[in-house]
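The values are calculated or read from the model by the stated rules, or taken from the named source; none is laboratory data. Remember, predicted model here, so these are calculated numbers, not experimental data. Every residue, glycine among them, receives a Cβ derived from its backbone with ideal geometry; neighbour counts consider all protein chains shown.
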Amino acid sequence: AQTVTQSQPEMSVQEAETVTLSCTYDTSESDYYLFWYKQPPSRQMILVIRQEAYKQQNATENRFSVNFQKAAKSFSLKISDSQLGDAAMYFCAYRGYGGSQGNLIFGKGTKLSVKP
Amino acid sequence: DVKVTQSSRYLVKRTGEKVFLECVQDMDHENMFWYRQDPGLGLRLIYFSYDVKMKEKGDIPEGYSVSREKKERFSLILESASTNQTSMYLCASSLHLGGNGYTFGSGTRLTVV
């Protein structure tokens with residue numbers, strides 16, 4: 001069964017600095033999707049960024065980018081120029097293809113604090 | 001622009017009560033999911049559904065049931081609420097295939113006293 005591990009329960013970053021959140025996963029599949037979700041105190045889970053496993057190029061969305069290392073099964077999230085609004089829980093998630101394999105599998109989350 | 005709506009943001013119920021948590025999505029998604037979220041445990045899948053009148057058990061279905069009579073609505077039922085079901089409940093929906101991820105509701109924080 002697939003698993004997702006986030007080894008950092010909490011992280012802290014100074015405003016305007018850069019922070020990297022770690023995520024590793026375990027799968028025997030070759031094609032899949034990976035996601036980072038943000039959950040602010042308002043509780044609404046928001047999709048931050050996604051990566052298709054067949055694409056070698058790392059995904060980027062404005063200040064958010066990923067470092068996808070398929071062989072190492074690693075999918076880290078880099079937040080550049082951190083802002084106070086980035087403070088939230090961040091969840092890494094894996095999704096396979098079709099049927100129950102297509103259900104999202106989540107890590108346990110990393111709580112990010114941003115210091116002014 | 002709300003796309004997945006959970007009927008209650010906060011709910012307080014008594015032990016032994018039957019509790020209904022409602023979720024409605026307006027995106028014509030085939031798949032719908034119920035998760036519970038607890039500190040240190042992340043999101044755990046309770047039940048999911050790929051189609052109307054279809055349901056599948058997730059990782060922690062005990063003490064819960066679901067109903068999906070219409071495509072847009074997925075209800076989570078606690079037949080006899082217990083204090084260990086105090087939690088945050090998140091509903092989500094998605095297209096059946098593809099890498100678009102899930103769209104989540106705002107969550108219901110349920111307290112059972």
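Let's see how each residue does on (1) within 13 Å of the chain's Cα centre (by Cα); (2) of a type in the set (Ser, Thr, Tyr); (3) within 11 Å of chain A (Cβ to nearest Cβ); (4) loosely packed, with under 14 Cβ neighbours inside 10 Å:
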{"residue": "B:GLU30", "(1), (2), (3), (4)": "no, no, yes, no"}
{"residue": "B:LEU45", "(1), (2), (3), (4)": "yes, no, yes, no"}
{"residue": "B:SER49", "(1), (2), (3), (4)": "yes, yes, no, no"}
{"residue": "B:LEU76", "(1), (2), (3), (4)": "yes, no, no, no"}
{"residue": "B:TYR89", "(1), (2), (3), (4)": "yes, yes, yes, no"}
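Taking (1) closer than 14 Å to A:ASN103 by Cβ; (2) of a type in the set (Lys, Arg); (3) loosely packed, with under 14 Cβ neighbours inside 10 Å in turn, B:LYS70 satisfies each apart from (1).
Suppose we filter A:THR60, A:THR110 for residues that are among the polar types (S, T, N, Q) and within 11 Å of another protein chain (Cβ to nearest Cβ); which single one remains?
Values: A:THR60 fails: within 11 Å of another protein chain (Cβ to nearest Cβ).
The unique qualifying residue is A:THR110.
Of the strands (runs of 3 or more DSSP E) lying entirely inside the stretch A:26-116, those carrying at least 2 residues that are surrounded by fewer than 20 Cβ atoms within 10 Å (Cβ to Cβ) and modelled with pLDDT under 95 are A:46-52.
So for the stretch B:63-82 (the condition being aromatic (Phe, Trp, Tyr) and in contact with a Phe, Trp or Tyr (Cβ under 9 Å, 6 or more places away or on another chain)), does at least one residue qualify? Within the stretch B:63-82 (the criterion being aromatic (Phe, Trp, Tyr) and in contact with a Phe, Trp or Tyr (Cβ under 9 Å, 6 or more places away or on another chain)), the answer is yes, since at least one residue qualifies.
Screening the stretch B:91-113 for residues that are surrounded by fewer than 20 Cβ atoms within 10 Å (Cβ to Cβ) and of a type in the set (Gly, Ala, Ser) and picking the one that is nearest to B:PRO39 (Cα to Cα) gives B:SER106.
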